[in-house]
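The values are calculated or read from the model by the stated rules, or taken from the named source; none is laboratory data. Since this is a predicted model, take the numbers as computed values, not measurements. For neighbour counting, all protein chains shown are included, and Cβ atoms are generated from backbone atoms with ideal geometry for every residue, glycine included. Only protein heavy atoms, including side chains, enter the accessible area calculation; ligands, DNA and RNA are left aside. Shrake-Rupley method; radii C 1.70, N 1.55, O 1.52, S 1.80 Å.
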Amino acid sequence: MEIPSKYDPSGAEGKWYKYWMDNGFFTSTPDEREAYTIVIPPPNVTGVLHMGHMLNNTAQDVLVRRARMMGYNACWVPGTDHASIATEAKVVAKLKSEGIDKKDLSREEFLEHAWEWTNKHGGIILEQLKRLGASCDWKRTLFTMDEERYESVIKVFVDLYNKDLIYRGVRMVNWDPQAMTAVSDEEVIYTEENSKLYYVRYKIAGEDDYVMVATTRPETILGDTAICASPDDERYSHMKGKRVIVPMTNREVPFIFDSYVDPEFGTGCLKITPAHDINDYEIGIRHKLDSIDIFNDNGTISERAGLFVGVDRFTARDLAEKELDRTGALVKVESYINKIGRSERTNAVIEPKLSLQWFMKMSDMVKPALSAVREGTIRIHPDKYKNVYRHWMENVRDWCISRQLWWGHRIPAYFYNSTEFVVAETATEALEKARLASGNLSLTESDLHQDEDVLDTWFSSWLWPLTAFDAINKPGNRDFEYYYPTKVLVTAPEILFFWVARMIMAGYEYAGKEPFNDVYLTGIVRDKQRRKMSKSLGNSPDPITLIEQYSADGVRIGMLFCSPAGNDLLYDDSLPEQGRNFTNKIWNAFRLIKSMSVDDSLVQPEASAVAVRWMTDVVSKTLSDIDDNFKKYRISDALMQAYKLFWDEFSGWFLEIIKPDYKKPIDGITFRATLGIFDSLLKILHPFMPFITEEIWHLLEQREEGASIMIERMPVSKGYDAELLSHFETTREIVSSIRTIRKEKNIKNSEPLSLSVAAKNENGISALDPVIIKLCNLSEINYVDVKIEGALSFRISTTEYYVPLSISVDKEAELMKLRDELTYTEGFLASVMSKLSNEKFVSNAPAKVIEMEKKKQSDALAKIETLKAGIRSLEK
């Protein structure tokens, strides 16, 4: 079979993905094997692939493909999220471009447009994941608003309401004026921004005196219902029982005292606006203050404010500054940096707002979820996030679960009058409950009005590992019992609380156990300036373009090269380029092997025989190290070990040793052993690089129809000869030293040299001599007990090596080189001795570190002695 000179990923990727799909290799059904399950973090249904998805899903695919090859029944469940806020915003924008205003549509009409949009754009991202090589069980594809998931969410809401864990009430919430909905605390991103601090005078009622307040929001003065100071602040003790006049409104409000106020901040006086600040709200409750909501839902000023009605809140701020200045109430304005909360979805500045919403009680729900991580039932990788998780769980607040949107799971609360309601899974069931609650048996379904709000998107996502196997609708079903708990969740640190913590809560609430054993947190993909990649910044490349340019395998390993768990990945195009170069390296090594002619009559050379033994042991040791890294979820480290195994050990050393002379055949024993080793390497690399490994595996030898490397068993470590591996490390140094001599002395590789070793030939030290002889073109290796005069020498550890030269040596140049090396080595020894003489270092460092430093000391002393001897010899 003629092998192309270059690997063609564009042809191979589509061909092999279709082959895998046609043969059902991704499909999983329960059987006698142990399950290995991953549920995909569902991307937004109308989204497209971005760099974060690439990293996250590559890591998942590596884990799933490897598990499949380890003999597990691997099941990777794909799906998408309905993404209430994001999707509704896109549909609203699309309608606006067509001249349609959402306000002019009924709910049903709007949802028709939303479903049309979803059906048209939904699933694009899943098709893009296929380009990456994702081996999901596509027959199990889910959507958070498909029939089974929708029913599950409603059932859970009703159940938690009946358990008194869900309630409805007026609370201070985070209001997004752009999306016109409440958002949870976790959906608010705080950033430091340049602001202004306004110093404003409030006239004391009945007096000619004033108190001064500093505020960053002068427009909210229109909603002030008190001025407050600390009871310990003597500057304001004279204000007890007095009232002040609110600027711009001329309303009188009380001057109160509360320990919340920090006397050191600003003027020590705080304006209290209970409707628009969470802390003011709490103070308002304690002091029974009025609450004036001055904002409409869209962020404009309401009629209750009395001024600037209908004006945008930020425009109103400018108007308030002018009005305060006009009336003499504005004392001064200073530049100020403070933290501003913005909506994670729209980037709009969040408005604290009193609102009637639905909440879920969290205080009891978090307890088993907190214990699970604390006790190690669920392991978070990297471990540093355990404390972050614990801090959030110990300070959790009730979850605002209602959203003022139409796209999503509609809250199953049915009102039978303006204030009273029942909660039920269906309208029919609600009618029965309403008749019973009201005592009015003549009620009909048309008399009921379902709550207009939908549930927070995370309220469906938190059930994902359960609803993936329909556990809410069909508790104890076969799939659920087999696949749950899932093995590992791969996700990003920023949704550790949005999603991960809540899934753990749901798992214990509805399954009585954890939803997954491990949580692997990837880092955030950033550009070279450490900015998070985003469309708005224009610093995020298109993943599909990258795949077309560098190949899917090149992009996959490029993303994993520099992405240890939990650490950010600084992306640069050199990463997928390095990945592409690796695919070329694999292809060229394959072509080299297949180009060799084989002669079975040839005796296996000694160098090849020992190289096969060594390479087999290197593979075995690397397999053991890779297994260890996978157990610790060090995927990047595992990839680097596989990379070095192929690039350095196999291509750089093994092939160099066994490669026959130009136009000469290779012996059959070595060739077949090489094919076996290459087969193992392909299997080790397959989870990282599925396409090229499948392509080469089929070209390596004739395969049956339906065969695939992805369902082959992963090689396992069978032990290794540690002494042989150690001796080979010495062999590398010997070869490198002799090659350096050739280079420095301009000795052609074709000219044979000899090597003398100042050591006894014992303990298998000469087993690798054939390798040294071949790689260095030596005529012989001798073991001697005397110094070889006139020869160039080098030392490795405590052993001296001599290379006699027939050519004349430049004594002065050689002396300069030896003296420079002596100076360096003496400096190195001094640094080691400094450490060993440091009592603090010796008492605190691990025993292994001390032992290593002592070995450095002895090696340096021996090398210094050798260098001095070499200098004395040349000075004669």
Using alpha carbons only, how many angstrom separate the centre of region 203-242 from the centre of region 291-320?
22 Å
How many percent of the accessible area of the chain is carbon or sulfur, using a 1.4 Å probe?
49 percent
With an 8 Å Cα cut-off and a minimum separation of 6 or more residues, compute the relative contact order for the chain in percent.
12 percent
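Could you state the accessible area per residue of region 322-430 in Å², with a 1.4 Å probe and every protein chain left in place?
On the way: 5220 Å² over 109 residues.
Per residue, region 322-430 has an accessible area of 48 Å².
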Matching label for the computed semi-axes √(5λ) of the Cα gyration tensor in Å, out of (1) 50, 38, 24; (2) 42, 37, 31; (3) 68, 38, 23, is (3)
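Provide W399, W458 ordered by accessible surface of protein heavy atoms (probe 1.4 Å), highest first. If you can, show how the numbers build up before the last one.
Details: W399 5, W458 30 Å².
Ranking W399, W458 by accessible area, largest first, yields W458, W399.
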Can you give the accessible area of F415, probe radius 1.4 Å, in Å² rounded to 10?
20 Å²
If you build the convex hull over the alpha carbons only and average its shadow over all orientations, what do you get for region 322-468? Give it in nm² to one decimal.
16.4 nm²
Antiparallel DSSP beta bridges within the chain, percent to nearest 5:
70 percent
Please report the spacing between the Cα centers of region 817-876 and region 501-572 in Å, no decimals.
45 Å
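Mean residue ellipticity at 222 nm from the helices of the chain, using -39,500 (n - 2.57) per DSSP H segment of n ≥ 4 over the full residue count, to the nearest 500 deg cm²/dmol? Kindly include the intermediate steps, with their values, before the conclusion.
Details: 28 runs with 365 residues, N = 876.
Result for the chain: -13000 deg cm²/dmol, rounded to the nearest 500.
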Probe 1.4 Å, heavy atoms of protein chains only: per residue, the accessible area of region 64-125 in Å² is 44 Å²
Dipole moment magnitude, nearest 20 debye, region 696-767 about Cα centre, only Lys, Arg, Asp, Glu C-beta charged
460 debye
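Among H238, H686, what's the order by accessible area (1.4 angstrom probe), most exposed first? Can you show the working numbers first?
On the way: H238 90, H686 0 Å².
If we order H238, H686 from most to least accessible, we get H238, H686.
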Label region 29-165 by shape, choosing from rounded, prolate and oblate, from the square roots a ≥ b ≥ c of the eigenvalues of the Cα gyration tensor; if a/c is under 1.5 it is rounded, and otherwise prolate applies when a/b is larger than b/c, oblate when it is not.
oblate
One finds the C-alpha centres of region 94-130 and region 42-61 to be spaced, in Å, by 21 Å
Using Cα pairs under 8 angstrom and six or more residues apart, how large is the relative contact order of region 288-346, in percent?
16 percent
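When the convex hull of the C-alpha atoms of region 780-876 is computed, what volume per residue in Å³ does it have?
Details: hull volume 10.4 nm³, N = 97.
So the per-residue hull volume is 107 Å³.
Among K585/K743; K787/K835; K532/K632; K386/K513, which pairs are too far apart, with a Cα-Cα distance over 29 Å?
On the way: K585/K743 26 Å; K787/K835 34 Å; K532/K632 27 Å; K386/K513 19 Å.
Correct reply: K787/K835.
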Project the alpha carbons of region 728-834 onto their principal axes and report the range along each, largest first, in whole Å.
41, 35, 24
What does the accessible area per residue of region 715-827 come to in Å², with a 1.4 Å probe and no ligands, DNA or RNA counted?
57 Å²
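For the full complex of protein chains and a 1.4 angstrom probe, list M503, M816 by accessible area with the highest value first. Let's see the in-between values first.
Values: M503 0, M816 120 Å².
The ranking, largest first, comes out as M816, M503.
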